[in-house]
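Have a look at the structure below before the remarks.
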There are 2 protein chains.
Amino acid sequence: MASSEDIILSAVLNLLSAFAFLVAFAILRLQPINDRVYFSKWYLKGIRASPRSSGTFVKKFVNLDCRTYIRFLNWMPAALRMPEPELIDHAGLDSAVYIRIYLLGLKIFVPLALLSFAVLVPVNWSGKSLEQTEGLTFSTIDKLSISNVPDASKKFWAHLVMAYVVTFWTCYILYKEYHIITTMRLQFLASENRRPDQFTVLVRNVPPDPDESVCEHVEHFFCVNHPDHYLTHQVVYNANNLAKLVEKKKSYKNWLTYYQTKYERNPKIKPKTKTGVWGLWGKTVDAIDYYTTEIEKLSKEETIEREKVMSDPKAIVPAAFVSFKSRWGAAVCAQTQQSSNPTIWLTQWAPEPRDVYWNNLSIPFVELNVRKLLMTVAFFFLTFFFMIPIAFVQSLASIDGIENKLPVLRPLIQMEVVKSFIQGVLPGIILKIFLVLLPMILMAMSKIEGYTSLSSLDRRSATKYHFFILVNVFLGSIITGAAFEQLQRFVDEPPSEIPKTVGVAMPLKATFFITYIMVDGWAGIAAEILRLVPFVMFHLKNTFLVKTDQDREQATDPGSLNFSVSEPRIQLYFLLGLVYSVVTPILLPFIIVFFAFSYMVFRHQIINVYDQKYESGASFWPDVHRRILTGLVISQLLLLGLLSTKNISKSTPVMIALPVLTIWFHIFCKGRYESAFVKFPLQDAMVKDTLERATEPTLNLKAYLKDAYVHPVFKGVELDRPSAVDDEENNPLVPTKRSRRSSKSHSEEGV
Amino acid sequence: MASSEDIILSAVLNLLSAFAFLVAFAILRLQPINDRVYFSKWYLKGIRASPRSSGTFVKKFVNLDCRTYIRFLNWMPAALRMPEPELIDHAGLDSAVYIRIYLLGLKIFVPLALLSFAVLVPVNWSGKSLEQTEGLTFSTIDKLSISNVPDASKKFWAHLVMAYVVTFWTCYILYKEYHIITTMRLQFLASENRRPDQFTVLVRNVPPDPDESVCEHVEHFFCVNHPDHYLTHQVVYNANNLAKLVEKKKSYKNWLTYYQTKYERNPKIKPKTKTGVWGLWGKTVDAIDYYTTEIEKLSKEETIEREKVMSDPKAIVPAAFVSFKSRWGAAVCAQTQQSSNPTIWLTQWAPEPRDVYWNNLSIPFVELNVRKLLMTVAFFFLTFFFMIPIAFVQSLASIDGIENKLPVLRPLIQMEVVKSFIQGVLPGIILKIFLVLLPMILMAMSKIEGYTSLSSLDRRSATKYHFFILVNVFLGSIITGAAFEQLQRFVDEPPSEIPKTVGVAMPLKATFFITYIMVDGWAGIAAEILRLVPFVMFHLKNTFLVKTDQDREQATDPGSLNFSVSEPRIQLYFLLGLVYSVVTPILLPFIIVFFAFSYMVFRHQIINVYDQKYESGASFWPDVHRRILTGLVISQLLLLGLLSTKNISKSTPVMIALPVLTIWFHIFCKGRYESAFVKFPLQDAMVKDTLERATEPTLNLKAYLKDAYVHPVFKGVELDRPSAVDDEENNPLVPTKRSRRSSKSHSEEGV
């Protein structure tokens, strides 16, 4: 068990490393050469011009103005300065609500920390149970925890009352926050400009018809069943091959531009290239000629494939984006059942064009169910048994394992340095690699499950990751042992024993979690603001790969809030805060620092750096709300288990009411607010429709919607960059995944 | 443990009692005097005239035709003769589907029984484990059960395979049945004539408006938000007081008619009555004068109250029945969210007028949630702790208890007969009274929970009752002890132990359950066909109370399928069959007899006797399906527990797949079929609308819907009798709870 000195040392170390990250950030961000890394959002918005275009040669790369270095923390107040409505305008509702999660942490834990320090810390301190027990080593932190209160003491009533206060305060704040965010979402939706998804419904599982094509079938069905509201529709093509060709052609074009530029600069040498992979081997040919012919060849292939996709009825998947004359019509169609067979003509709100996950639009009902079953079983095994394959790989990667499998490497392995590396570091690295890959594995599983929008994929992955963290980080740290051993224990122990086992072990782990918060939370967040990976990648690309100006733009990876990974991690802090608020209140300040620091860092990032891939209108909030309540219930059950070992009569009946009330509160909130995140009320639709009819009576909606839901490959050549979030504010025609520039030019034709 | 001789004896006794009931039924039903009891359905339909109106005096009461007695079982083939479509026409879809539950039992268990007898019985018999264990008493039944197979025997693979067969066969049959019943329901809905509920949506939680009355507010809201579809609406009055007055006046009118008839028959004596309760005490007055004045007085009061209700805005509850111009419009409104606040303007399909539970139409959202929480907690305590108050009452009803509380009764209690009655019978009677009252308690709880239709109240009560039976009858019989002791065990034992404890005890209880099936199932069903209580009540009323012809009609209580009580009881038999099909297959024939016999009895009853209070279109089927699958999962878990004690390696992994697959199957079926029971697809609505527009272009829908959803007190005087099921077939205007005759007369004005 770590002593309080260890904790202080660790705190100092982590504070220092966090400070070092911050200083590094402050210095790096002021260099013009890094401007695109640390202000990428502004570049995307077209507001910021490169500072490198003016000034002397040196000034283009290094900032020599000393005064700017003095105020090296001034990004913090700057990050806080932008008011929320402007923030929503600037970065979208998703981002604005996301950082409110950190604010929510502060709202919950600051008052609780104050109260705990005022009440529980003195109560625990005066318990003196640890001092009276002989032969026990304990730290100051333990003296401030519930362990210090002797069995059967009346003082536990303070903890019981505190548990009630924690529950009611958390629920109160959550309720208020749910209300605020619902209001924000509704206002956001109401104030939005015209967008194609407001008029469009995604129809899946169009049944096959022997006499009609999918296109005709959809048209006839909606003409008959929504006669006054149906406007048009867009079928979905299976364009995977075409997308590959387009991608390849694009890459070749870049190379062509690169060699042409090179040739122009130095017309003496005709640039050469090799025909093999990445131009590294193969026959040496004239580069410009080679790429010109290749592009021509690809253009022909592309035209053929494009015609094939457009004309081949088999390339049309049984799904369509059906658009209506009014938002009211779309809202009706999205919320109702169309056919008496609920597995065909499935309707749902169309995700916004950028948000569509095209590959999953055509999965039949039965297959979807089988996929979900398989993924549930797979996820169960992944969560509880992931250590088994990891241990197997680790054993393979041992000295003996490698010697057996690859005798060739024996002389190499015999070297002392290699040997110690393999023995000491490799197993840890293998585990770390798995943990880094985990979110991708979970995302792949969610994709297999068949969700049709990127936002729902993110939410689904987050749910899985949250469960994984809960089992393997939280429970795994408290009850040591692999997850499948825990599972065995859970099955073999009485349900009343589990909260006891975990609850009793819980206070002892407080110091571990404090260290965890400092390493993962404090230093981790400081590292986030430095953006080390995009920073290095940008400079590498800039030096070695960037050939054209357009490439430089693409070399900047603005990144985005990775909801599926970072939200479950925040939830761990909520869980820790709720669990330890009654047991070891000394942990709360560390969590508060985490929330406050993260809030500032992420507010800065969403203002200056991140570029969201889609805008879902904070539709993740119900998940956040539910997970915090899950944490609350876990904390209540663990405290119940802990107190039941302390010989306090009646603690169990007093405590059992809390989870019941919390679950009821969850059901209540779900009924009260959740529908605002999944449905679109007719009243609001009608208001917007009426307003629009009054202001723009001559609008040609059909023309406006014509290309909104066309598969990205049919739209243009530049597929990589989704358009910036703000575009939709200015531009009613939000294009799917086309470059910002092309959408801009379009917006001029637009309204 | 009962020996096989005991079982045979019990079987013989129960068969005899069932036979006696059947003979009694055969004799009683042939007597003309009982005609109204045993053929009440036909009277209600107006097809059967009283046989007493013709023939000699004796023949009016007793059937003297000996030939009819010989064929005393001929009701059985007669009951089976009516084809299903005619049955649906005659008794409604609810009843027709209800008896299919019994048929489903046969479909599941007959093949399983054949297979079990062919495979498992020989396997068990050849086990010879019981014979080899010394000092063990066992019966022939035990020798045929799984207990006879020695530990770690390879023979258990037969049971494992059989468990898979049971699961897949049950799921297959359930899937087919769900499909059939969904089709039946859709056909039923599609073939229905015009009904008010097809056009109507129940809107609850109309928000208060300072400037408008509820009526205006509803009208404006729907005119704005469903401009093309809104037709009209009907506000709901809080007419409880008025209903009481109307009821009272009706009773007085009956008395008046009675005394008038009496006076006409015997003009010499002016009939007298007393002014007190039931005419038993108080001042003696002239009966006819008294009732005439009283009725006049009540009429005035009623008029005042009626005007008050109609004019007082406070008497209008914030709910309304909103009707639309088309089924499509109603389907849209019922399935969509109206306002961005999901707790106001709640819409749902209007129940058919007879099915409305008027008292619950105006419960605010928060109150509804609180009520549900309270009822959930109350139901939990009722299920697990009901024995505590019962034991308390039983202790009060003991000799000492009564002597202490009511010393006056001491001499009475000292009598030997009374004493032995109190000691021997009273505690059992108290428990029995509770069990008889239980369905009413559960129904009252469901009413408090705020359901708005009788059918949903029935379904909700059935869910509660099913859980109660599961805990207190099934588990309570296997693990003896009160429910709260079991609860304690469940909390204190590891989850892996529970299936073991129950699973091991399970084979030992087979004989008990066989006896239970014979007493509760065989004899109970035979008693059902005799209709002893309505029979006695009819003759008592007929002799002492019936004053008018109308009274005689009302004295007949046709009864109805009591879904909330009888469905959970059937589920117990499904559960027993599934649990014992692998463990003790000898139980299956008893269950098959139960299902076959019940099927015939209830088919006879729904044809000849019962009169359904409402028609919900088999909307209970998803519940039935879910509960059978619950039983299947329970049977799998118990078998898993049982086999895990038998030292068979790998039995647990093999068995654990079954519940996972079963739960997945449930989710699959839910997705595939459930929406047919809760939603109304737009396509079907559109088809009916189009058809109607073509056939009846001049229909005045507004006039047709005008009075459909008026509170029954505003419709007429006769409130007691809901109209018969078949009326809606002939009569598009289904009246709410008004007498059949008045609705008949209406139907002539109708179409």
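The values are calculated or read from the model by the stated rules, or taken from the named source; none is laboratory data. These numbers come from a predicted model, not from an experiment. Backbone-built Cβ (ideal geometry, glycine too); neighbour counts: all protein chains shown. Quick note on the areas: whole protein, heavy atoms, side chains included, nothing else; ligands and nucleic acids left out. Shrake-Rupley method; radii C 1.70, N 1.55, O 1.52, S 1.80 Å.
In the assembly of identical copies, residue A:653 has its label point, taken 7 Å from Cα in the direction of the beta carbon, separated from the corresponding points by 4.7 nm (ascending, one decimal). Annotation for the A:B interface, with buried accessible surface near 3900 Å², both sides summed [1.4 Å probe; non-protein components not counted]. For chain B, a crude dipole built from +1 on the beta carbon of Lys and Arg and -1 on the beta carbon of Asp and Glu, taken about the Cα centre, is about 1500 debye to the nearest 20.
Kirkwood hydrodynamic radius computed over segment B:568-619 comes to 12.9 Å, based on all pairs of distinct alpha carbons.
Among A:669, B:87, B:125, whose Cα lies farthest out toward the positive end of the dipole of the protein assembly as shown, if unit charges sit on the beta carbon of Lys, Arg (+1) and Asp, Glu (-1)? Working it through, the farthest residue towards the positive pole turns out to be B:125. The residues of segment B:290-372 have, on average, 39 Å² of accessible surface per residue, using a 1.4 Å probe with all protein chains present.
Charges were assigned to the Cβ only: +1 to each Lys and Arg, -1 to each Asp and Glu. The resulting dipole of segment B:300-382 about its Cα centre is roughly 240 debye. A Förster radius of 41 Å combined with the Cβ-Cβ distance from residue B:431 to residue B:698 puts the calculated FRET efficiency at roughly 0.05.
Mind pulling the per residue volume of the convex hull built on the Cα atoms of segment B:618-715? Å³ is fine. List each step's numbers first, then the result.
Values: hull volume 12.7 nm³, N = 98.
That works out to 130 Å³ per residue.
Hey, which of these cross-link pairs are over 25 Å Cα-Cα: A:447/A:679; B:244/B:541; A:176/A:613; B:41/B:244; A:45/A:688?
Working: A:447/A:679 23 Å; B:244/B:541 23 Å; A:176/A:613 29 Å; B:41/B:244 29 Å; A:45/A:688 28 Å.
Table pairs above 25 Å Cα-Cα are A:176/A:613; B:41/B:244; A:45/A:688.
Distances between copies of residue B:220, taken at a point 7 Å out from Cα along the Cα→Cβ vector and listed shortest first: 4.6 nm.
Ordering B:335, B:377, B:303 by the projection of their Cα atoms onto the charge dipole of segment B:283-407, which places +1 on the Cβ of Lys and Arg and -1 on the Cβ of Asp and Glu, puts B:335 at the extreme positive end. Inter-copy label distances at residue A:179, shortest first and taken from points set 7 Å along Cα to Cβ: 5.2 nm.
Order of A:222-232, B:515-525, A:574-584, B:635-645 by packing, highest average Cβ count within 10 Å first?
Numbers: A:222-232: 17.5, B:515-525: 19.5, A:574-584: 26.6, B:635-645: 22.7.
Peptide ranking by packing, descending: A:574-584, B:635-645, B:515-525, A:222-232.
Note on residue B:251 and residue B:487: their simple-model spin labels are 3.9 nm apart, each label 7 Å out from Cα toward Cβ.
Can you compute the FRET efficiency between residue B:103 and residue B:645 using 1/(1 + (r/R0)^6), with r the Cβ-Cβ distance and R0 = 35 Å? Round to the nearest 0.05. Mind showing how you got there, number by number?
Values: r = 36 Å, r/R0 = 1.04.
After rounding, the FRET efficiency stands at 0.45.
If you plug the beta carbon distance of residue A:269 and residue A:562 into 1/(1 + (r/R0)^6) with R0 = 45 Å, you get a FRET efficiency near 0.50. Across chain A, the mean sequence separation of Cα contacts (distance under 8 Å, 6 or more residues apart), normalised by length, yields a relative contact order of 25 percent. Shown for segment B:646-705: the carbon plus sulfur share of the solvent-accessible area, taken with all protein chains present and a 1.4 angstrom probe, equals 65%. Taken about its Cα centre, the protein assembly as shown carries a charge dipole of roughly 300 debye when the Cβ of each Lys and Arg holds +1 and the Cβ of each Asp and Glu holds -1.
With q set to 0.03, 0.07, 0.08 Å⁻¹, the log10 of I(q)/I(0) for the protein assembly as shown, from the Debye formula over equal scatterers at the Cα positions, is -0.19, -1.03, -1.31. Find the centroid of the Cα atoms in segment A:81-104 and in segment B:242-312, then give the distance between the two in whole Å. One Cα centre to the other: 73 Å.
Work out the mean other chain Cβ neighbour count within 10 Å for the residues of B:563-574 and drop it here as an integer. Before the final figure, lay out the partial values.
Working: counts 0, 0, 0, 0, 0, 0, 0, 0, 0, 0, 0, 0.
The mean count of partner-chain Cβ atoms within 10 Å per residue comes to 0.
Residues in segment A:217-261, backbone N under 20 Å from the label point at residue B:679 (7 Å along the Cα-to-beta-carbon vector): list them, ranges by number please. Only A:218-231 pass the distance filter.
Computed with the Debye formula from one identical point scatterer per Cα of segment A:312-452, without solvent, the log10 of I(q)/I(0) at q = 0.14 Å⁻¹ comes to -0.83.
Partner shielding of B:678-691 amounts to 4, given as the average count of beta-carbon atoms from other chains within 10 Å of each residue beta-carbon. Residue B:128 contributes an accessible area of around 90 Å² to the protein surface, as traced by a 1.4 Å probe with all chains present. The convex hull drawn around the Cα atoms of segment A:71-110, when projected onto a plane and averaged over every direction, covers 3.5 nm².
Each of residue B:314 and residue B:533 was given a label point 7 Å from its Cα along the Cα-to-Cβ line. The distance between the two points is 4.0 nm. Just so you know, the Cα atoms of chain B work out to an Rg and Dmax of 29.4, 94 Å.
Per-residue mean of foreign Cβ neighbours for A:338-346 is 6 (Cβ atoms of other chains, 10 Å radius).
The share of accessible area on segment A:400-515 that comes from carbon and sulfur is 69 percent, using a 1.4 angstrom probe.
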